[in-house]
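Enquirer: Below you'll find the structure I mean.
The values are calculated or read from the model by the stated rules, or taken from the named source; none is laboratory data. Just so it is clear, the structure is predicted and the values come from calculations on it, not from any experiment. Note that we place each Cβ from the backbone using ideal geometry, even for glycine, and neighbour counts take in every protein chain shown.
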Amino acid sequence: MKRNYSNILIAAGLIFMAAASRVVNADMHLYNFAPVAALGLFSGAVIKDKRYAFLLALLGQFAADLYFQLFTNVQGFYGVSQLFTYAGLISATFLGTKMGAVKPVKVLGYTLGASTLFFIVSNFGVWAEGLYGLNFAGLVKTYAMGLPFFKNTIMGDMAGSALLFGLYALLQRSFFSKMEKATA
């Protein structure tokens, strides 16, 4: 099996595992603790073919939303603000494409950046729905109301990035060292 194809399979499995964590976190009432921005960041950073990086990140998010819609009482598809949630995921994925060499300090910094970017974009979508008014005061209130959830967003993304990037490195080493021994 080609190394690049194997990398994509390993990354795809981890991406869908991260997307599944959204479902688990919702069942445990850990709101915004899902590693959504981490999922996009990881996908953008490790998948070389950027078409697949964006596609896998979006499919992971969509699969979780579809699960919510079909099998739970949580609304999976919920309106205009959801488009901004996907735009935040795309932004985090794009940020991941700019990471370059994956190193722990870079992952930490990029994760903070991706979480912040996701917060800004997704909460703008909440404002666009007009919940607090479609004016400057409503915009400020939207972001102020979102701040308590931002802590969970950062914690979820930090944990998600640590797991995604860490497991990816471990799986790559394990898988490819076994392949090299088998072909030797």
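Enquirer: Show the residue pairs meeting these rules: Cβ distance below 6 Å; 6+ apart or different chains; first residue within region 22-49 and without any contact (Cβ under 8 Å) to a residue 12 or more places away in the chain and at negative phi; second residue β-branched (Val, Ile, Thr) and part of a helix (DSSP H, G or I).
Expert: none
Enquirer: I've got another one for you. Give me the pairs, please: first residue somewhere in region 145-158 and among the acidic types (Asp, Glu), second residue anywhere and surrounded by 17 or more Cβ atoms within 10 Å (Cβ to Cβ) and modelled with pLDDT of 95 or more, beta-carbon distance under 8 Å, and either six or more positions apart or on two chains.
Expert: Asp157/Leu41; Asp157/Thr111; Asp157/Ala114; Asp157/Ser115; Asp157/Phe118
Enquirer: I'd like the full set of residues that are part of a helix (DSSP H, G or I) and surrounded by fewer than 24 Cβ atoms within 10 Å (Cβ to Cβ), limited to region 40-55.
Expert: Our first condition is that a residue be part of a helix (DSSP H, G or I); within region 40-55, this holds for 40-46, 50-55.
Scanning region 40-55 gives Val46, Lys50, Arg51, Tyr52, Phe54, Leu55.
Enquirer: Taking Tyr67, is it surrounded by 15 or more Cβ atoms within 10 Å (Cβ to Cβ) and more than 25 Å from Leu112 (Cβ to Cβ)?
Expert: Taking the combined requirement at face value, the residue satisfies it.
Enquirer: Moving to a separate point now. Can you tell me how many residues in region 127-139 are modelled with pLDDT of 95 or more, surrounded by 13 or more Cβ atoms within 10 Å (Cβ to Cβ) and aliphatic (A, V, I, L, M)?
Expert: Selection size over region 127-139: 2.
Enquirer: Residue check: is Val24 assigned to a helix (DSSP H, G or I) and over 11 Å from the mean Cα position of the chain (by Cα)?
Expert: So Val24 fits the description; yes.
Enquirer: Still on this structure, I have one more. Could you tell me whether any residue of region 94-107 is of a type in the set (Ser, Thr, Tyr) and over 11 Å from the mean Cα position of the chain (by Cα)?
Expert: Checking region 94-107: at least one residue is of a type in the set (Ser, Thr, Tyr) and over 11 Å from the mean Cα position of the chain (by Cα).
Enquirer: Let me ask another. Within region 67-81, is even one residue closer than 22 Å to Tyr168 by Cα and under 17 Å from the mean Cα position of the chain (by Cα)?
Expert: No, because not a single residue in region 67-81 is closer than 22 Å to Tyr168 by Cα and under 17 Å from the mean Cα position of the chain (by Cα).
Enquirer: Okay, moving on. Within region 141-148, is even one residue modelled with pLDDT of 95 or more and under 16 Å from the mean Cα position of the chain (by Cα)?
Expert: no
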